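J.: Before we start, here is the structure in question, set down as structure tokens.
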Amino acid sequence: MTFDYDLFVIGGGSGGVRAARIASAEGGAKVALAEESRMGGTCVIRGCVPKKLMVFASEYPEMMADAQAYGWDVQAGPLDWPKFRGKLEAELDRLEAAYRNTLKNAGVTIFDHRAVVVDPHRVRLADGQEFSVKHILIATGGRPFVPEFPGSDLAITSNEIFHLQTLPKRALIVGGGYIASEFACILNGLGVEVKQYYRGAQILRGFDDEARGQVANQMAANGISIHCGTAIERLTKVAGGICAIATDGTEAEFDVVLYATGRNPNVAGLGLEALGVKIGRKGEIVVDEWSQTSVPSIYAVGDVTDRINLTPVAIREGHAFADTVFRGVPTKADHELVASAVFTQPELGSIGLSEEAARDAGPVEIYATSFRPMRSLFAGRQDKVLMKLVVCADTRRVLGCHIVGPNAGEMIQLAAIAVKMGATKEDFDRTVAVHPTMSEELVTMRKPVRTF
Ligand code: NDP
């Protein structure tokens, strides 16, 4: 039987674009991709990329203060938000065009429409066109989740934060994960008065306790008012903005309330359940290690499968799928020891087991040092850096590495290579330090601070 396409990808984000390109350019497949919104997906259009540019923008006031401390005669004026936003939008346009060109150059046909699955070998576009397809890849990502409560419609999400007409004076951020903590720092750096409400005991649940404690302390020292054990009962519109009534009875007014309380997989209305595609408890598409769903011709990669919701992981999953199905190279995406960085101020870079998780797994040695780095110390700041290794007492392997401080994201990428290779504490030790750096502490910690 012949099909209109060998592969039809639904979703033009990181995972979908990679899979389409490899299947077409390297696998020789006839490929089409449908995207209902902008090409590039969450990461490029409303996630990692604009977020990181906002992180950069938000760091300048502190840099200016440091410059003054170093003797420079400089003064930061107010941020011209419309100017920054205009440049940001132009950059996203550029990137979107680059994604489009990449696909075109790879021979992929692009449809700027929503697509749904009609049967295991048929898709339909919003304009009514239908195609027969040999394989379907669902790469539709996720969307922000806001819980239902009175006034929840007054809250915005990370989708809207990049489009604000004016920068708010007072912002409430709800949540304690990556997005909430990053935006608390960004807005604080941009001069907004920020409160962060988190329902649990400490933000950044899941990361190493010592590391997240250090991030939270520094965020508070930087001026963010973090309220743990606090949830919102209702939001009401008032003359001056939005009034947030918390479960502890306190009331406070804000110009913007940003909910960053997790993301849900984008599966609604795709027609999958009717075909027997298994959907998990959180609404995610259930796939095997080859990213294949319970319907053999339908695969899924990225956030819609809710495995590890990070762009580089979606890219690997998309690539592995294309290698397996179209290049004759069976490849499983590797979900072991994936490093990540939270772009808070200070940054948190992390790979492997936290101290708490490792302690449950067996005898461990903890190597950690916390110190004030010379750059900010000279400028009169009290910021502290944390370098931490979690080591298996039996095998001597470094099971986890956690870094808090400037450029922790850059540092953890390099440490991750060693950890992924299975480096032991002794491998770290016989590596000569690069001096004077912050990361040299990773190879100079001689004695464990704790053993379990
Ligand atoms: P996270 O899962 O990281 O955090 C969600 C937060 O919201 C948690 O603190 C959670 O609390 C809280 N929460 C969940 N439900 C409710 C509720 N009903 N009421 C109040 N609070 C609630 O999600 P994010 O939205 O921050 O980010 C989504 C994903 O995107 C991340 O998991 C990550 O994979 C990815 N991401 C990665 C980034 C990076 O690599 N730098 C940056 C941004 C996003 P609790 O802890 O109690 O569950």
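The values are calculated or read from the model by the stated rules, or taken from the named source; none is laboratory data. Since this is a predicted model, take the numbers as computed values, not measurements. Reconstructed Cβ throughout: ideal geometry from the backbone, glycine too, with neighbour counts over all protein chains shown. In case anyone asks, the SASA skips ligands and DNA or RNA and just uses the protein heavy atoms, side chains included. Shrake-Rupley method; radii C 1.70, N 1.55, O 1.52, S 1.80 Å.
J.: Given the DSSP H assignment, sum -39500 (n - 2.57) over each helix run of at least 4 residues in the chain and divide by its residue total; what's the result at 222 nm in deg cm²/dmol, nearest 500?
T.: -9500 deg cm²/dmol, from helical runs alone.
J.: Whole angstrom only: what separates the Cα centroid of the range 165-198 from the Cα centroid of the range 273-327?
T.: 33
J.: Per Stokes-Einstein, at 20 °C and 1.002 mPa s, what whole-number D in µm² s⁻¹ belongs to the chain, with the Kirkwood radius over Cα pairs as the hydrodynamic radius?
T.: For the chosen part, D equals 90 µm²/s.
J.: Then there is this: Between PHE149 and CYS228, how many nm apart are label points set 7 Å from Cα along the C-beta direction?
T.: Between PHE149 and CYS228, the simple spin-label model gives 1.9 nm.
J.: How would GLU410, GLU62, GLU440, GLU317 line up by accessible area, probe 1.4 Å, largest first?
T.: So the residues, ranked largest to smallest area, are GLU410, GLU62, GLU440, GLU317.
J.: Which chymotrypsin sites (Phe, Trp or Tyr not before Pro) does the range 1-49 hold that lie in a coil by DSSP with at most 16 other beta carbons within 10 Å?
T.: The qualifying sites are PHE3.
J.: Another one. What does the convex hull of the Cα atoms come to per residue for the range 79-135, in Å³?
T.: Residue-normalised Cα hull volume stands at 116 Å³.
J.: For the range 1-36 and the range 214-233, write down the distance between their C-alpha centroids in whole Å.
T.: If you average the Cα positions of each part, the centres end up 44 Å apart.
J.: Additional query: Restricting to bridges with both residues inside the chain, how much of the DSSP beta-bridge set is antiparallel, in percent to the nearest 5?
T.: Beta bridges within the chain, antiparallel portion: roughly 60 percent.
J.: Residue-wise, which Karplus ³J(HN,Hα) couplings in Hz belong to the range 254-261, taking 6.51 cos²θ - 1.76 cosθ + 1.60, θ = phi - 60°, and x for glycine or proline?
T.: 9, 8, 9, 10, 9, 8, 10, 10
J.: With all protein chains present and a 1.4 Å probe, how do HIS227, HIS402 order by accessible area, largest first?
T.: Sorted by accessible area, descending: HIS227, HIS402.
J.: Could you state the accessible area per residue of the chain in Å², with a 1.4 Å probe and every protein chain left in place?
T.: 47
J.: Which lysines does LYS104 reach when only Cα atoms under 16 Å apart count, and residues fewer than 8 places away in its own chain are ignored?
T.: Within reach: LYS30.
J.: Separate question: Tell me, what is the 1.4 Å probe accessible area of SER294, in Å² to the nearest 10?
T.: 70
J.: For HIS113 and LEU79, FRET efficiency with R0 = 45 Å and r from the beta-carbon atoms, rounded to 0.05?
T.: Plugging the Cβ-Cβ distance into 1/(1 + (r/R0)^6) gives 0.75.
J.: Here's another thing I want to ask about it. Evaluate 2.2 N^0.38 Å with N set to the residue count of the range 135-207, then give the Cα radius of gyration divided by it.
T.: Expressed relative to 2.2 N^0.38 Å, the Cα Rg reads 1.29.
J.: May I pose another question? Can you give the direction-averaged projected area of the convex hull of the alpha-carbon atoms in the range 269-409, in nm²?
T.: 12.3
J.: Could you give the distance between the Cα centres of the range 134-150 and the range 380-398, to the whole Å?
T.: 36
J.: Moving on to the next point. Taking every alpha carbon pair in the range 124-269, what does the distance histogram look like in 10 angstrom bins from 0, in percent?
T.: Over the range 124-269, the share of Cα pairs per 10 Å bin runs 10, 37, 29, 12, 8, 3 percent.
J.: Below 8 Å, C-alpha to C-alpha, sequence gap of six or more: please give me the relative contact order for the range 1-124 in percent.
T.: 34
J.: In what order, largest first, do TYR99, TYR198, TYR70, TYR178 sit by accessible area if the probe radius is 1.4 Å?
T.: These residues rank, largest area first, as TYR70, TYR178, TYR99, TYR198.
J.: Further question on the same structure: In whole Å, what are the Cα extents of the range 337-452 along the three principal axes, biggest one first?
T.: 43, 26, 24
J.: When DSSP assigns beta bridges and you keep just the ones with both residues in the range 191-343, what percent turn out antiparallel, to the nearest 5?
T.: Percentage antiparallel, nearest 5: 75.
J.: Once amide H atoms are built 1.01 Å from N in the peptide plane, which residues 5 or more positions from ARG38, or in another chain, come under 5 Å H to H?
T.: none
J.: Counting only the heavy atoms of the protein chains, how much of MET63 is accessible to a 1.4 Å probe, in Å² to the nearest 10?
T.: 90
J.: Using a simple charge model, +1 on the beta-carbon of Lys and Arg, -1 on the beta-carbon of Asp and Glu, nothing else, what dipole does the range 194-316 show about its Cα centre, in debye to the nearest 20?
T.: Dipole about the Cα centre, nearest 20: 160 debye.
J.: May I ask you to list the aspartates and glutamates whose Cα is less than 20 Å away from that of LYS195, ignoring any residue fewer than eight positions away on the same chain?
T.: GLU59, GLU62, ASP153, GLU160, GLU182, GLU233, ASP248, GLU251, GLU253, ASP255, GLU347
J.: Along the positive direction of the dipole of the range 13-62 (beta-carbon charges: Lys, Arg +1; Asp, Glu -1; about the Cα centre), which of VAL44, ALA19, ALA29 reaches farthest?
T.: Projecting each Cα onto the dipole axis, the largest value belongs to ALA29.
J.: Multiplying the sequence separation of PHE3 and MET63 by 0.36 nm and subtracting their Cα-Cα distance, what value in nm do you get?
T.: 15.8 nm
J.: Given a cut-off of under 8 Å on Cα pairs at least six residues apart, what relative contact order in percent is computed for the chain?
T.: 15
J.: Using +1 on the beta carbon of Lys and Arg, -1 on that of Asp and Glu, and nothing else charged, what's the dipole of the range 376-439 about the Cα centre, debye to 20?
T.: Using Cβ point charges on Lys, Arg, Asp and Glu, the range 376-439 gives about 80 debye.
J.: If you don't mind, there's one more thing I want to ask. From Cα pairs below 8 angstrom and at least 6 apart in sequence, can you work out the relative contact order of the range 355-445, rounded to a whole percent?
T.: The normalised contact order for the range 355-445 reaches 24 percent.
J.: If you don't mind, another one. Need one number: nm distance between label points at LEU337 and GLU440, each 7 Å from Cα along Cα→Cβ, rounded to one decimal.
T.: Here the modelled spin labels are 2.6 nm apart.
J.: Can I ask one more? Roughly how many debye, to the nearest 20, is the charge dipole of the range 71-132 about its Cα centre, given +1 on each Lys and Arg Cβ, -1 on each Asp and Glu Cβ, and no other charges?
T.: Roughly 140 debye for the range 71-132.
J.: Something else now. Quick one: which residues, 5+ away or cross-chain, put their amide H under 5 Å from the amide H of ARG263? H built at 1.01 Å from N.
T.: PHE145
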